[in-house]
Amino acid sequence: MSAKEPEPGRSPWDPGQYNRFAAEREQPFWDLRSRLEPVTSPRVADLGCGDGRLTAALHRELGAGSTLGIENSASMLAAAAAHAGDALTFASGDVSTWAGSGFDIVFSNAALQWVPDHPQVLERWRASLARAGQLAVQVPANADHPSHAVLRGLAAERLGANAPADPVAGNVLRPEEYALLLDRLGFERQHVRLQVYTHRLASAGDVVEWMKGTSLTRFRQRLGPEEYEGLVEDYRGRLLRALGDDRPYLYAFKRILLWGRLPR
Ligand SMILES: C[S@@+](CC[C@H](N)C(=O)[O-])C[C@H]1O[C@@H](n2cnc3c(N)ncnc32)[C@H](O)[C@@H]1O
(Lines give C-alpha, C1' and ligand atoms only; values in the text may rest on other atoms or scores of the structure.)
Protein backbone atom coordinates (compact mmCIF):
# COMPACT_ATOMS: atom_id res chain seq x y z
CA MET A 1 0.00 0.00 0.00
CA SER A 2 1.29 3.43 -0.86
CA ALA A 3 0.72 6.55 1.18
CA LYS A 4 0.46 10.05 -0.13
CA GLU A 5 0.86 13.39 1.52
CA PRO A 6 -2.42 15.15 2.30
CA GLU A 7 -3.37 17.50 -0.52
CA PRO A 8 -3.18 21.14 0.51
CA GLY A 9 -6.63 22.50 1.16
CA ARG A 10 -8.27 19.06 1.12
CA SER A 11 -9.87 18.58 4.51
CA PRO A 12 -10.43 15.06 5.86
CA TRP A 13 -13.25 16.18 8.15
CA ASP A 14 -16.74 15.18 7.22
CA PRO A 15 -19.36 17.00 9.33
CA GLY A 16 -22.04 14.45 8.30
CA GLN A 17 -20.05 11.40 9.46
CA TYR A 18 -18.89 13.20 12.62
CA ASN A 19 -22.48 14.05 13.57
CA ARG A 20 -23.71 10.43 13.24
CA PHE A 21 -22.98 10.14 16.97
CA ALA A 22 -23.81 13.74 17.80
CA ALA A 23 -25.68 12.96 21.03
CA GLU A 24 -22.83 10.81 22.38
CA ARG A 25 -20.18 13.34 21.40
CA GLU A 26 -22.20 16.22 22.83
CA GLN A 27 -22.44 15.06 26.44
CA PRO A 28 -18.81 15.91 27.38
CA PHE A 29 -19.25 19.33 25.77
CA TRP A 30 -22.10 20.13 28.17
CA ASP A 31 -20.31 18.53 31.13
CA LEU A 32 -17.40 20.87 30.38
CA ARG A 33 -19.74 23.86 30.06
CA SER A 34 -21.24 23.04 33.46
CA ARG A 35 -17.81 23.58 35.08
CA LEU A 36 -17.77 27.25 34.03
CA GLU A 37 -18.39 29.88 36.68
CA PRO A 38 -21.03 32.45 35.69
CA VAL A 39 -19.72 35.57 33.89
CA THR A 40 -21.77 38.46 32.52
CA SER A 41 -21.54 38.82 28.72
CA PRO A 42 -18.22 36.96 28.48
CA ARG A 43 -15.80 37.17 25.57
CA VAL A 44 -15.48 33.56 24.50
CA ALA A 45 -13.12 31.63 22.22
CA ASP A 46 -14.03 28.09 21.08
CA LEU A 47 -10.87 26.46 19.74
CA GLY A 48 -11.26 23.61 17.23
CA CYS A 49 -14.94 24.57 16.99
CA GLY A 50 -15.87 22.06 14.28
CA ASP A 51 -19.07 22.77 12.37
CA GLY A 52 -20.04 25.59 14.75
CA ARG A 53 -23.32 24.04 15.91
CA LEU A 54 -22.17 23.64 19.51
CA THR A 55 -20.28 26.96 19.40
CA ALA A 56 -23.55 28.67 18.58
CA ALA A 57 -25.32 26.82 21.40
CA LEU A 58 -22.54 27.80 23.83
CA HIS A 59 -22.72 31.44 22.67
CA ARG A 60 -26.47 31.54 23.43
CA GLU A 61 -26.24 29.53 26.64
CA LEU A 62 -23.52 31.78 28.14
CA GLY A 63 -25.18 34.99 26.96
CA ALA A 64 -21.78 35.78 25.46
CA GLY A 65 -20.87 39.35 24.47
CA SER A 66 -18.92 37.82 21.62
CA THR A 67 -17.74 34.37 20.61
CA LEU A 68 -14.94 33.48 18.20
CA GLY A 69 -14.71 29.96 16.79
CA ILE A 70 -11.32 28.86 15.44
CA GLU A 71 -11.01 25.94 12.99
CA ASN A 72 -8.44 24.73 10.47
CA SER A 73 -10.73 22.47 8.43
CA ALA A 74 -12.24 24.08 5.35
CA SER A 75 -15.30 21.77 5.36
CA MET A 76 -16.01 22.39 9.06
CA LEU A 77 -15.60 26.15 8.59
CA ALA A 78 -17.95 26.12 5.62
CA ALA A 79 -20.59 24.39 7.78
CA ALA A 80 -19.91 26.85 10.65
CA ALA A 81 -20.58 29.87 8.44
CA ALA A 82 -24.31 29.09 8.64
CA HIS A 83 -24.24 29.86 12.39
CA ALA A 84 -22.33 33.16 12.20
CA GLY A 85 -23.97 36.44 13.19
CA ASP A 86 -25.13 38.16 16.37
CA ALA A 87 -21.51 38.60 17.66
CA LEU A 88 -20.65 35.00 16.78
CA THR A 89 -17.76 34.78 14.29
CA PHE A 90 -15.60 32.02 12.88
CA ALA A 91 -12.04 32.23 11.59
CA SER A 92 -9.51 29.91 10.07
CA GLY A 93 -6.62 29.24 12.44
CA ASP A 94 -4.38 26.62 13.96
CA VAL A 95 -5.14 26.07 17.64
CA SER A 96 -1.54 24.97 18.29
CA THR A 97 -0.26 28.49 17.51
CA TRP A 98 -3.40 30.53 18.20
CA ALA A 99 -3.05 33.37 20.68
CA GLY A 100 -5.58 36.04 21.60
CA SER A 101 -5.96 38.50 24.44
CA GLY A 102 -8.62 39.56 26.91
CA PHE A 103 -10.86 36.48 26.60
CA ASP A 104 -13.00 35.63 29.62
CA ILE A 105 -13.40 32.01 28.54
CA VAL A 106 -11.18 29.85 26.34
CA PHE A 107 -13.14 26.68 25.63
CA SER A 108 -12.05 23.68 23.58
CA ASN A 109 -13.94 20.42 23.21
CA ALA A 110 -12.26 17.37 21.66
CA ALA A 111 -9.66 19.29 19.64
CA LEU A 112 -6.49 19.70 21.75
CA GLN A 113 -5.60 16.02 21.26
CA TRP A 114 -4.79 16.77 17.61
CA VAL A 115 -1.80 18.94 18.46
CA PRO A 116 1.47 18.15 20.29
CA ASP A 117 3.19 19.91 23.19
CA HIS A 118 0.23 20.64 25.46
CA PRO A 119 2.32 22.51 28.07
CA GLN A 120 3.31 25.09 25.48
CA VAL A 121 -0.13 25.30 23.82
CA LEU A 122 -1.94 25.67 27.15
CA GLU A 123 0.52 28.37 28.20
CA ARG A 124 -0.44 30.30 25.05
CA TRP A 125 -4.17 29.76 25.69
CA ARG A 126 -3.72 30.91 29.28
CA ALA A 127 -1.96 34.09 28.06
CA SER A 128 -5.08 34.81 25.97
CA LEU A 129 -7.21 35.14 29.10
CA ALA A 130 -8.25 38.29 30.94
CA ARG A 131 -8.12 38.56 34.75
CA ALA A 132 -10.33 35.82 36.30
CA GLY A 133 -10.39 34.16 32.89
CA GLN A 134 -11.44 30.53 32.62
CA LEU A 135 -9.92 27.71 30.59
CA ALA A 136 -12.13 24.68 29.86
CA VAL A 137 -10.80 21.78 27.79
CA GLN A 138 -11.93 18.24 27.06
CA VAL A 139 -9.68 15.63 25.43
CA PRO A 140 -10.26 11.95 24.74
CA ALA A 141 -7.98 9.58 26.68
CA ASN A 142 -8.93 6.33 25.02
CA ALA A 143 -5.67 5.34 23.32
CA ASP A 144 -5.52 2.00 25.14
CA HIS A 145 -8.97 0.86 23.96
CA PRO A 146 -8.93 -1.77 21.14
CA SER A 147 -10.66 0.78 18.87
CA HIS A 148 -7.41 2.76 18.85
CA ALA A 149 -4.82 0.05 19.62
CA VAL A 150 -6.00 -2.20 16.72
CA LEU A 151 -5.86 0.75 14.33
CA ARG A 152 -2.33 1.66 15.43
CA GLY A 153 -1.15 -1.94 14.88
CA LEU A 154 -2.79 -2.15 11.45
CA ALA A 155 -1.42 1.24 10.39
CA ALA A 156 2.13 0.31 11.40
CA GLU A 157 1.85 -2.97 9.45
CA ARG A 158 0.43 -1.43 6.30
CA LEU A 159 2.07 1.97 6.15
CA GLY A 160 5.25 1.48 8.20
CA ALA A 161 7.04 4.78 8.69
CA ASN A 162 4.28 6.57 6.71
CA ALA A 163 1.59 5.60 9.23
CA PRO A 164 -0.04 8.71 10.67
CA ALA A 165 0.63 9.04 14.39
CA ASP A 166 -2.22 8.36 16.83
CA PRO A 167 -2.66 11.85 18.33
CA VAL A 168 -4.40 10.63 21.49
CA ALA A 169 -1.57 8.18 22.23
CA GLY A 170 1.14 10.70 21.37
CA ASN A 171 -0.21 14.00 22.64
CA VAL A 172 -2.61 13.53 25.55
CA LEU A 173 -1.07 13.81 29.03
CA ARG A 174 -2.19 12.03 32.20
CA PRO A 175 -4.89 13.83 34.25
CA GLU A 176 -2.47 14.63 37.07
CA GLU A 177 -0.06 16.21 34.60
CA TYR A 178 -2.80 18.63 33.51
CA ALA A 179 -3.47 19.44 37.18
CA LEU A 180 0.22 20.27 37.75
CA LEU A 181 0.28 22.31 34.56
CA LEU A 182 -2.80 24.37 35.50
CA ASP A 183 -1.22 25.10 38.86
CA ARG A 184 2.07 26.12 37.26
CA LEU A 185 0.19 28.42 34.87
CA GLY A 186 -1.29 30.31 37.80
CA PHE A 187 -4.89 29.02 37.87
CA GLU A 188 -6.22 29.78 41.34
CA ARG A 189 -9.03 27.25 41.11
CA GLN A 190 -9.04 24.07 39.09
CA HIS A 191 -10.90 20.85 38.43
CA VAL A 192 -9.40 17.96 36.45
CA ARG A 193 -11.09 14.59 36.11
CA LEU A 194 -11.03 11.41 34.08
CA GLN A 195 -14.56 10.39 33.14
CA VAL A 196 -15.74 7.20 31.46
CA TYR A 197 -18.56 7.84 28.99
CA THR A 198 -20.54 4.73 28.12
CA HIS A 199 -22.04 4.69 24.65
CA ARG A 200 -24.50 1.90 23.87
CA LEU A 201 -24.00 1.28 20.15
CA ALA A 202 -26.23 -1.03 18.08
CA SER A 203 -23.27 -3.36 17.46
CA ALA A 204 -19.50 -3.59 17.95
CA GLY A 205 -19.24 -2.90 14.21
CA ASP A 206 -20.58 0.60 14.87
CA VAL A 207 -17.26 1.43 16.53
CA VAL A 208 -15.89 1.52 12.96
CA GLU A 209 -18.53 4.12 12.02
CA TRP A 210 -17.58 6.11 15.11
CA MET A 211 -13.89 6.00 14.16
CA LYS A 212 -14.69 7.05 10.57
CA GLY A 213 -15.79 10.38 12.00
CA THR A 214 -12.52 10.92 13.91
CA SER A 215 -9.31 8.81 13.84
CA LEU A 216 -9.89 7.20 10.43
CA THR A 217 -10.04 10.65 8.81
CA ARG A 218 -6.22 10.70 9.03
CA PHE A 219 -6.12 7.69 6.71
CA ARG A 220 -8.76 8.96 4.32
CA GLN A 221 -6.61 12.04 3.92
CA ARG A 222 -3.54 10.03 2.96
CA LEU A 223 -4.86 7.08 0.96
CA GLY A 224 -6.64 6.69 -2.33
CA PRO A 225 -10.35 5.66 -2.08
CA GLU A 226 -9.74 1.94 -2.75
CA GLU A 227 -6.81 1.72 -0.37
CA TYR A 228 -8.84 3.53 2.28
CA GLU A 229 -11.80 1.14 1.89
CA GLY A 230 -9.41 -1.84 2.10
CA LEU A 231 -7.92 -0.53 5.31
CA VAL A 232 -11.35 0.08 6.83
CA GLU A 233 -12.50 -3.48 6.04
CA ASP A 234 -9.31 -4.96 7.50
CA TYR A 235 -9.78 -2.77 10.58
CA ARG A 236 -13.40 -3.94 10.92
CA GLY A 237 -12.36 -7.63 10.77
CA ARG A 238 -9.60 -7.26 13.36
CA LEU A 239 -11.67 -5.08 15.65
CA LEU A 240 -14.59 -7.54 15.69
CA ARG A 241 -12.16 -10.36 16.50
CA ALA A 242 -10.78 -8.27 19.40
CA LEU A 243 -14.16 -7.06 20.73
CA GLY A 244 -16.48 -9.90 19.76
CA ASP A 245 -19.52 -9.09 17.63
CA ASP A 246 -21.67 -7.90 20.57
CA ARG A 247 -25.12 -6.46 19.80
CA PRO A 248 -25.66 -4.02 21.39
CA TYR A 249 -22.11 -3.01 22.28
CA LEU A 250 -21.12 -0.78 25.18
CA TYR A 251 -18.30 1.51 24.03
CA ALA A 252 -16.54 2.70 27.21
CA PHE A 253 -14.75 5.90 26.30
CA LYS A 254 -12.37 7.68 28.69
CA ARG A 255 -12.07 11.46 28.53
CA ILE A 256 -10.22 14.09 30.54
CA LEU A 257 -12.08 17.28 31.47
CA LEU A 258 -9.99 20.14 32.75
CA TRP A 259 -11.04 23.55 34.01
CA GLY A 260 -9.17 26.39 35.67
CA ARG A 261 -9.87 29.98 36.71
CA LEU A 262 -7.25 32.71 37.08
CA PRO A 263 -7.22 34.96 40.17
CA ARG A 264 -9.81 37.75 40.26
C1 LIG B 1 -13.54 16.15 17.24
S2 LIG B 1 -13.84 17.68 16.44
C3 LIG B 1 -14.65 18.64 17.73
C4 LIG B 1 -15.43 19.80 17.18
C5 LIG B 1 -16.20 20.65 18.22
N6 LIG B 1 -15.29 21.25 19.19
C7 LIG B 1 -17.26 19.83 18.91
O8 LIG B 1 -17.20 19.67 20.12
O9 LIG B 1 -18.18 19.36 18.23
C10 LIG B 1 -12.21 18.34 16.43
C11 LIG B 1 -12.10 19.59 15.60
O12 LIG B 1 -10.81 20.17 15.80
C13 LIG B 1 -10.36 20.65 14.55
N14 LIG B 1 -8.89 20.74 14.60
C15 LIG B 1 -8.01 19.73 14.70
N16 LIG B 1 -6.75 20.20 14.73
C17 LIG B 1 -6.85 21.54 14.64
C18 LIG B 1 -5.89 22.60 14.63
N19 LIG B 1 -4.59 22.34 14.72
N20 LIG B 1 -6.34 23.86 14.53
C21 LIG B 1 -7.67 24.14 14.44
N22 LIG B 1 -8.62 23.18 14.46
C23 LIG B 1 -8.22 21.89 14.57
C24 LIG B 1 -10.86 19.64 13.55
O25 LIG B 1 -10.87 20.16 12.24
C26 LIG B 1 -12.24 19.33 14.10
O27 LIG B 1 -13.24 20.16 13.59
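The values are calculated or read from the model by the stated rules, or taken from the named source; none is laboratory data. None of these values were measured; they are calculated from a predicted model. Using ideal geometry, Cβ is built from the backbone for each residue, glycine included, and neighbour counts are taken over all protein chains shown. Note: accessible area is taken over every heavy atom of the protein model, side chains too, but ligands, DNA and RNA are not part of it. Shrake-Rupley method; radii C 1.70, N 1.55, O 1.52, S 1.80 Å.
From Ser147, Ser128, grab the single residue that is in contact with a Gly (Cβ under 6 Å, 6 or more places away or on another chain) and away from the ligand (no atom under 13 Å from the Cβ). Sole residue among the options that is in contact with a Gly (Cβ under 6 Å, 6 or more places away or on another chain) and away from the ligand (no atom under 13 Å from the Cβ): Ser128. Across region 135-175, which residue is nearest to Gly48 (Cα to Cα) among those that are of a type in the set (S, T, N, Q) and out of contact with any Asp or Glu (no Cβ under 9 Å at 6 or more places or on another chain)? Per the stated criteria, the residue is Asn142. The number of residues in region 134-147 that are among the small types (Gly, Ala, Ser) and open to solvent by 10 Å² or more (accessible area, probe 1.4 Å) comes to 2. Candidates Glu188, Glu227: the one that is touching a residue at least 60 places away in the same chain (Cβ under 8 Å), of a type outside the set (A, V, I, L, M, F, W, C), farther than 26 Å from Asn109 by Cα and open to solvent by 30 Å² or more (accessible area, probe 1.4 Å) is Glu227. Taken together, the residues in region 12-57 that are in contact with a His (Cβ under 7 Å, 6 or more places away or on another chain) and either of a type in the set (Lys, Arg) or at positive phi (or both) amount to 3. Checked against the criterion of being over 30 Å from Leu129 (Cα atoms) and acidic (Asp, Glu), the candidates Glu227, Glu176, Glu188 yield just one match: Glu227.
Within region 201-227, the set of residues being of a type outside the set (Gly, Ala, Ser) and assigned to a loop (DSSP other than H, G, I, E, B) comprises Thr214, Leu216, Leu223.
Only a single item in (1) open to solvent by 50 Å² or more (accessible area, probe 1.4 Å); (2) over 21 Å from Ala23 (Cβ atoms) is not met by Ala163, and it is number (1).
With respect to being more than 9 Å from the ligand (Cβ to nearest atom), more than 28 Å from Phe253 (Cβ to Cβ) and modelled with pLDDT of 95 or more, Ala56 falls outside the description.
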